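Working notes, beginning with the structure itself.
Derivation of every value follows stated rules applied to the coordinates shown; laboratory data play no part. Computed from a prediction, not measured in an experiment: that's the story for all the values here. Heads up, the Cβs are rebuilt from the backbone with ideal geometry, glycines too, and the neighbour counts pull from every protein chain shown.
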Amino acid sequence: MFLSNERHIAHLDLDAFFVSVECLKDSRLKGKPLIVGGNGDRGVVTSCSYEARKFGVHSAMPAKLAKRLCPEAIFLKGDFESYSKYSKLVTDIIQDTVPVFEKSSIDEFYVDLTGFDKYHNTRLFTAQLQKKVVSESGLPVSYGLASNKLISKVATNEVKPNGQIEIPFGNEKIFLSPLNISKIPGVGKQTAMILYKMGVETIRILSDIPVEMMHNLLGRSGIDLWRKANGIDESPVIPYHEQQSISTENTFQADTIDINFLHAELVRMTEKIAFQLREQNRLTGCVTVKLRYSNFETYTKQITIPYTNADHIILKTAKELFDKLYERRLLIRLIGVRFTHLIPGNYQINIFDDTEQMINLYQAIDSVKKRFGEGLLIRAVGINKNNLSRLPSKQRV
């Protein structure tokens, strides 16, 4: 993989993506303060327009607070099926135009143009790609062009919306220096507060701190933060492949027709790999269920869904596929579940019906699974006498 300092990496980010899609669907919404997310007392803001951001509204904010800050805001429940559709459309446009790109989230892309500079003007090429995305999808997009992924992403964020910028090689630290430390990807509130208390507010000050001191202060993450502050990022653009998958299957010790047992296994297996999705910060866009009968005949059925990694959505989909698939009422030898069309993404961005309480519940469940093992905490419907017997007596609750 080419990791020299002479790379040319473009970062493209669809501006206020969910809101932009809603405005495409209804042009009357353009220019108005829009909030996508739950509007109940415990709802959360998933996305908001730039008009709403002027009032201090931002993603992950409780809807109750957003209403107080921007009383005139229009709340939209959200349509993740449409967002998935437009994300795939933009993905196809980029895939048809460039040789290597990474889809880092539902609305962000990195394009590796290293080597293009021998034959093309990379800034002109990226500008043309930006225009192509806008003209063919109708969605606004901004881009940053730089020598690595970190600088290109930070640069994009500085010129949104509808912006474009190039940070020439050698100017990385000059560009970063005046920016607030919060502009560095991965700097959370806790880390920022530690640095603010030390009087470190700008990236320039952060870059001047000896790396040994950063290591003593924050451990390995301190070294990583120091590298970012100095504009160093050698991470490669990971080529996008639509057909990545996460799957599991179980061949039973004895063939069965026990529908309760089969449903319990389906739930247990689906929960297992949905947890793996969230651990890897991924979303799935396609669910497949596989059945093998006692005569070894094997059947599969799949469905494309809006990108998600939420148990309650994926479980419903898997059950519907199973019910459509299990028609012959013969003994079952094997059952399997597979997720494909994987993209990077996290739970919070795609559950519009959820309250803040439900999001916190998912996070708490995953925290328990990460600490004590994914088998410790499962839905009651996913328990059968076989997997219950494998649990230590203290875990049988």
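Which Cα, out of Ile332, Thr288, Leu145, lies furthest along the positive dipole direction of the chain (beta carbon charges, K/R +1, D/E -1)?
Ile332
So which trypsin sites (Lys or Arg not before Pro) in region 36-133 end up in coil per DSSP with only 14 or fewer other C-beta atoms within 10 Å?
Of the trypsin sites (Lys or Arg not before Pro), the ones in loops of region 36-133 whose Cβ has at most 14 other Cβ atoms within 10 Å are Lys54, Lys77.
Go through Gly38, Phe55, Phe116 and say which Cα lies farthest out towards the positive end of the charge dipole of region 6-165; charges sit on Cβ, +1 for Lys and Arg, -1 for Asp and Glu.
Phe55
About the Cα centre of region 6-165, how large is the charge dipole given +1 on each Lys and Arg Cβ and -1 on each Asp and Glu Cβ? Please answer in debye to the nearest 20.
The calculation lands at about 480 debye.
Is there a quick way to get the dipole size of the chain? I mean about its Cα centre, with the Cβ of Lys and Arg at +1 and of Asp and Glu at -1; what is the value in debye to the nearest 20?
960
Inverting the mean 1/r over all pairs of different Cα atoms, compute the Kirkwood radius of region 36-82 and quote it in Å.
Kirkwood hydrodynamic radius for region 36-82: 10.4 Å.
Counting other beta carbons within 10 Å of each residue's own, what order do Leu14, Leu218, Leu76 fall into, fewest first?
Ranking Leu14, Leu218, Leu76 by Cβ neighbours within 10 Å, fewest first, gives Leu218, Leu76, Leu14.
Can you give the calculated 222 nm mean residue ellipticity of the chain, where each DSSP H run of n ≥ 4 adds -39,500 (n - 2.57) and the sum is split over every residue, rounded to the nearest 500 deg cm²/dmol?
Theoretical 222 nm ellipticity from helices: -12000 deg cm²/dmol.
Can you bin every Cα-Cα distance in the chain into 20 Å intervals starting at zero and give me the percent of pairs per bin, rounded to whole numbers?
In order of increasing distance, the bins hold 23, 52, 24, 1 percent.
Which trypsin sites (Lys or Arg not before Pro) in region 282-330 sit in a loop by DSSP (not H, G, I, E or B) and have at most 15 other Cβ atoms within 10 Å of their own Cβ?
Arg328, Arg329
With a 10 Å Cβ neighbour count serving as the proxy for reagent exposure, in which order, fewest first, do Ile181, Ile257 appear?
Ile257, Ile181
Taking chymotrypsin sites (Phe, Trp or Tyr not before Pro) that fall in a DSSP loop and have at most 16 other Cβ atoms within 10 Å as cut points, what is the longest piece of the chain between them?
With chymotrypsin sites (Phe, Trp or Tyr not before Pro) excluded where exposed in loops, the chain gives 170-295 as its longest stretch.
Bin by bin, in steps of 10 Å, what percent of the Cα pairs in region 49-199 do you find, going until the bin that has the longest distance?
9, 30, 34, 21, 6, 0
For a footprinting-style exposure proxy, rank Ile305, Ile232 by other Cβ within 10 Å, fewest first.
Result, fewest neighbours first: Ile232, Ile305.
Work out Dmax and Rg for region 113-180 from the C-alpha atoms and quote the Rg first, both in angstrom.
Calculated on Cα positions, Rg and Dmax stand at 12.6, 37 Å.
Any chance you could check the Cα centroid distance between region 157-221 and region 39-105 for me, in angstrom?
One Cα centre to the other: 25 Å.
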